[in-house]
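Written out below as structure tokens is the structure these notes cover.
The values are calculated or read from the model by the stated rules, or taken from the named source; none is laboratory data. In this text, all values refer to a predicted model and were calculated from it rather than measured experimentally. So basically every Cβ, Gly included, is an ideal-geometry build from the backbone, and we count neighbours across all protein chains shown.
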Amino acid sequence: MMTNLFSIFDPSTQIMNIKLNWVSTMLIFTMMPTMYWLAPSRSHTIFNLMTTTLKKEFSTLLGPTNFMGATMMLLSLFLLILINNSMGLFPYIFTATSHPMLTITMALPMWVALMLYGWMNHTIHMLAHLVPQGTPPALTVFMVCIESISNLIRPLTLSVRLAANMIAGHLLMTLLGNQGPTNPTTILPFIIMTQIALITLESAVAMIQAYVFAVLTTLYISETT
């Protein structure tokens with residue numbers, strides 16, 4: 001029995017207490033034919049165009065602080081989130097990115113690594129970021145406190161933003177879909193059209209949230225290097 005509204009997003013499929021819902025993160029490999037990797041196709045062309053564009057943008061955002069493998073890491077992060085967000089739009093497929101367990105696992109190690117690298121190698125640079133340029137001397141202490149707090153909550157904001165945006169649209173579609181059996185047939189066309197509009201919106205949100213997560217990570221890297 002559903003204990004609360006959000007329990008519909010809990011992992012429930014299990015064998016010997018092993019949560020099988022997380023296998024959804026690997027389902028994309030079963031949907032990509034072998035010929036995709038062997039011969040050029042429209043999907044291959046679109047994928048190459050997207051990755052090339054994102055690589056140029058990430059390199060521009062990183063600037064001279066770009067280190068070897070940074071753009072590849074960010075592209076991998078973007079594709080991981082995009083695939084999980086998109087797979088969650090299919091029926092009966094678990095949306096892994098709607099759970100903070102996964103989003104925090106991506107955001108927290110990245111933030112800890114950046115903080116350790118920044119404070120160990122660029123201490124003066126990190127201290128300078130605590131006081132924005134042009135801050136009046138009387139507000140220096142307050143700005144240091146505010147900047148320190150905003151820096152500490154970065155992994156939380158990254159993870160919660162992604163999980164909240166993914167679960168909000170899915171929750172709305174679930175609530176609207178449950179109204180079908182309890183309403184007269186005259187309202188069904190309106191419900192179906194609304195669901196189609198929501199799916200279209202969620203497809204855009206899936207791409208936007210992956211892009212926002214990757215871009216914010218890029219900006220955090222550029223601040224600490």
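Within segment 111-120, does at least one residue satisfy the condition of being over 24 Å from the mean Cα position of the chain (by Cα) and part of a helix (DSSP H, G or I)? Checking segment 111-120: at least one residue is over 24 Å from the mean Cα position of the chain (by Cα) and part of a helix (DSSP H, G or I).
Per the listing A39, A70, the residue uniquely at pLDDT 65 or above, surrounded by fewer than 10 Cβ atoms within 10 Å (Cβ to Cβ) and among the hydrophobic types (A, V, I, L, M, F, W, C) is A39. Every condition in (1) within 29 Å of N121 (Cβ to Cβ); (2) of a type in the set (S, T, Y); (3) surrounded by 13 or more Cβ atoms within 10 Å (Cβ to Cβ) is met by S203 except one, and the failing one is (1). Candidates I192, I167, I146: the one that is under 25 Å from S76 (Cβ atoms), of a type outside the set (S, T, N, Q) and at pLDDT 80 or above is I167.
In segment 121-141, the residues that are more than 18 Å from Y220 (Cα to Cα) form Cβ pairs under 6 Å with partners that are part of a helix (DSSP H, G or I), at six or more places apart or across chains, as follows: T135/M143. Scanning segment 95-114 for residues that are surrounded by fewer than 19 Cβ atoms within 10 Å (Cβ to Cβ) and modelled with pLDDT under 85, which turns out farthest from R154 (Cα to Cα)? In this case the residue turns out to be M101. Selection of helices (runs of 4 or more DSSP H) fully inside segment 140-225 by the criterion of at least 3 residues being among the small types (G, A, S) returns 154-177, 188-224.
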